[in-house]
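Worksheet: the structure to be examined is printed underneath.
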Amino acid sequence: MMLPLFFIFCLFSSSHAAVQDFCVGDLTAPQGPAGYSCKNPSKVTVNDFVFSGLGTPGNTSNLIKAAVTPAFAAQFPGVNGLGISFGRLDFAPGGVVPFHTHPGGSEILVVVQGTILAGFVSSANTVYFKSLKKGDIMVFPQGLLHFQVNAGGSGAIAFVSFSSSSPGLQILDYALFGNNLPTELVAATTFLDTAQIKKLKGVLGGTG
């Protein structure tokens with residue numbers, strides 16, 4: 001009697017195998033905490049498993065002089081539920097991806113062109129950063145603040161992989177100054193003077 005019970009316990013406690021081959025995201029349905037619901041298998045095509053957007057440089061004519069081209073579940077429904085996704089980073093000279101986090105997954109970055117200064121801050125406020133050249137890889141643990149800066153005199157390109165099909169993205173500068181949080185409250189929580197906060201709100205589209 002003990003053997004069957006032990007077998008059943010092991011089966012349910014140690015197996016995380018998928019009960020189906022894939023779950024192509026149904027982008028017409030809302031996205032929930034577990035991702036998108038599955039597209040009807042009869043409507044799945046090979047194009048759901050192919051993404052062609054990473055061969056085109058992103059538009060770096062913006063404030064940060066950088067562009068992020070994501071291949072997350074919302075753009076690439078074939079990765080939905082698989083715990084993986086991809087992306088491309090383009091940097092013009094002086095380009096930067098400011099401090100940001102991916103609450104849903106860890107990130108690995110590989111430099112394919114130029115020089116990128118990249119780093120992250122641990123929960124103990126220890127900073128880890130390094131200048132990366134072509135072929136170098138760096139990992140950014142899930143949820144930690146991190147950044148990338150073009151450290152060369154020409155353009156730079158990197159590709160990034162994530163441990164989630166929807167890793168999420170929150171840029172610290174926009175979280176602080178790109179919203180309608182009252183300036184006085186921002187000043188109280190950041191110790192910045194109100195004039196500087198209003199200036200940053202003006203640049204980043206915030207109000208209040």
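The values are calculated or read from the model by the stated rules, or taken from the named source; none is laboratory data. Just so you know, these numbers come straight off a predicted model, no measurement behind them. Cβ placement follows ideal geometry from the backbone for every residue including glycine, while neighbour counts extend to all protein chains displayed. Accessible surface is based on the protein model in full, side chains and every heavy atom, while ligands, DNA and RNA are left aside. Shrake-Rupley method; radii C 1.70, N 1.55, O 1.52, S 1.80 Å.
If segment 69-167 were replaced by its equivalent ellipsoid, with semi-axes equal to the square roots of 5 times the Cα gyration tensor eigenvalues, what would those be, largest first, whole Å?
22, 17, 10
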Task: Cβ-defined net charge surrounding residue 98, 13 Å radius [Lys, Arg +1; Asp, Glu -1] - done: 0
Open item on the list: Below 8 Å, C-alpha to C-alpha, sequence gap of six or more: please give me the relative contact order for segment 108-170 in percent.
Closed with: 45
Task: nm² value of the averaged projected area, convex hull over the Cα atoms of segment 120-208 - done: 8.0
TODO: Give the range of the longest stretch in the chain that excludes all trypsin sites (Lys or Arg not before Pro) found in loop regions by DSSP and having at most 14 other beta-carbon atoms within 10 Å.
DONE: 1-132
Open item on the list: Out of the total accessible area of the chain (probe 1.4 Å, heavy atoms of protein only), what percent is carbon and sulfur?
Closed with: 64
Open item on the list: Could you put 169, 109, 145 in order of accessible surface area, largest first, with the 1.4 Å probe and the full protein assembly present?
Closed with: 169, 145, 109
Task: Charge dipole of segment 104-208 about the Cα centre (unit charges at C-beta), most positive-ward option of 123, 208, 139 - done: 139
- [ ] List the residues of segment 118-134 whose backbone N lies under 19 Å from a point placed 7 Å from the Cα of residue 144 along the Cα-to-Cβ direction.
- [x] 118-133
- [ ] Whole number in Å², please: accessible area per residue of segment 58-208, 1.4 Å probe, ligands, DNA and RNA not counted.
- [x] 49
Task: Residue with peak Gaussian network fluctuation, the chain [Cα springs, cutoff 10 Å], from 93, 30, 70 - done: 30
Open item on the list: Strictly greater than 16 Å: what percent of every Cα pair in segment 29-89 meets that?
Closed with: 53
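Please list 193, 48 from largest to smallest accessible area, probe radius 1.4 Å, with all protein chains kept in place. Please list the in-between numbers first.
Details: 193 90, 48 15 Å².
Ranked list, largest accessible area first: 193, 48.
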Open item on the list: Over the chain, with a Gaussian network built from C-alpha contacts below 10 Å, which listed residue (195, 151, 66) shows the highest mean-square fluctuation?
Closed with: 195
Open item on the list: How tilted is helix 194-204 with respect to the longest principal axis of the chain? Cα atoms for both, answer in degrees (0 to 90, nearest 10).
Closed with: 60
Task: the chain: equivalent-ellipsoid semi-axes (sqrt of 5 x gyration tensor eigenvalues, Cα, Å) - done: 36, 23, 20
TODO: Can you tell me the 0 to 90 degree angle between the C-alpha axis of helix 2-14 and the longest principal axis of the chain, rounded to 10?
DONE: 30
Open item on the list: Through the Karplus equation 6.51 cos²θ - 1.76 cosθ + 1.60, θ set to phi - 60°, convert the phi angles of segment 141-156 into ³J(HN,Hα) values in whole Hz; use x for Gly and Pro.
Closed with: x, 3, x, 8, 5, 8, 8, 9, 10, 6, 9, x, x, 10, x, 9
TODO: Let me know the charge dipole size of the chain about its Cα centre in debye, to the nearest 20, where only the beta-carbon of Lys, Arg (+1) and Asp, Glu (-1) is charged.
DONE: 320
